[in-house]
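**Student:** Here you go, one structure.
The values are calculated or read from the model by the stated rules, or taken from the named source; none is laboratory data. Please read these numbers as outputs of a predicted model, since none were measured by experiment. Ideal geometry is used to build each Cβ from the backbone, glycine not excepted, and the neighbour counts take in all protein chains shown. Protein only, heavy atoms only, side chains kept; ligands, DNA and RNA dropped before computing areas. Shrake-Rupley method; radii C 1.70, N 1.55, O 1.52, S 1.80 Å.
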Amino acid sequence: MDKRRKALHFGICTSHKDDTSFNGEKDADYFHLFSKQKGYDSNLVLSSKTKICAKHIKEEVFKLKSKNTTATTYFISISGFSYVEKSFFGFLSSRQANKAVMLSDVEMFTRKDLLECLSLFDKDDKVFFLISDCETKSKKPIVKPIFEGFDKNHVKVKAAVLSLGLNQRAMKHLNVSSCAVDFEYAMKSAKTFQELMNNLNDLNEANISFVNSSLGCYNTHKNSELVL
């Protein structure tokens, strides 16, 4: 185990009337095991054992960082459902839709929370922040969307942020409840975000995108390198 590689995974199990059998705890548990196989010192937090709110996530990230004073590589993930704001008029829909991740008690993890987490790290650290989210549409406005224009000046750390944006229709068609195993497979030959997205969609033989690649892909690394 490499002391300079730390991982932290949050799994949220939320009931939703339009959902698939997707379970965020299942994905988080897999990413936890995946991290340990890659030599990370990994911790797992599940909503079935403790309520996961935005404040809790930020406190856990702070504790993780405060224990490390030297340059460290971090793998942090949140797995659960996400709300994507849907326009009342389809032709007004934007490629960069507003999104927020559902936590315990239907609290939201927003872009502001994400930036506050990333701001805790130093410029010599490397952070891969993965959100394994199954998207559900909502016409209710999301006040503080998690993803909009990503300003590199907000954070000094080398940060790669990826929201998988799992497509419910594709998951039902494929009869799958998780993307975690496919994620590991797609990672093996991917060096950039786009290659990872392409690999995930190539696993789906139907004419439906498995992941929504137009949402939540930001990288402050040179040439969008994917470091994990």
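**Student:** Those residues that are open to solvent by less than 10 Å² (accessible area, probe 1.4 Å) and in a loop (DSSP other than H, G, I, E, B), I need them from segment 98-133; list them, please.
**Tutor:** Answer for segment 98-133, where residues must be open to solvent by less than 10 Å² (accessible area, probe 1.4 Å) and in a loop (DSSP other than H, G, I, E, B): 103, 121, 125.
**Student:** Which pairs have Cβ atoms under 9 Å, sit 6 or more apart or on different chains, and link a residue in segment 104-119 that is polar (S, T, N, Q) to one that is open to solvent by 60 Å² or more (accessible area, probe 1.4 Å)?
**Tutor:** The qualifying pairs are 104/51; 110/143; 110/144; 119/154; 119/156.
**Student:** Residue 13 passes all but one of (1) over 16 Å from the mean Cα position of the chain (by Cα); (2) assigned to a loop (DSSP other than H, G, I, E, B); which number fails?
**Tutor:** (1)
**Student:** Sticking with this one: Can you pull out every residue in segment 37-57 that is free of Cβ contacts under 8 Å to residues at least 24 places away in the same chain and part of a helix (DSSP H, G or I)?
**Tutor:** Scanning segment 37-57 gives 37, 55, 56.
**Student:** For segment 138-205, which fully contained helices (runs of 4 or more DSSP H) count at least 1 residues that are of a type in the set (Gly, Ala, Ser) and modelled with pLDDT of 75 or more?
**Tutor:** The qualifying helices (runs of 4 or more DSSP H) are 180-187.
**Student:** Could you please find all residues in segment 35-85 being of a type in the set (D, E, K, R) and open to solvent by 80 Å² or more (accessible area, probe 1.4 Å)?
**Tutor:** Of everything in segment 35-85, those that are of a type in the set (D, E, K, R) and open to solvent by 80 Å² or more (accessible area, probe 1.4 Å) turn out to be 36, 38, 49, 51, 55, 59, 63, 67.
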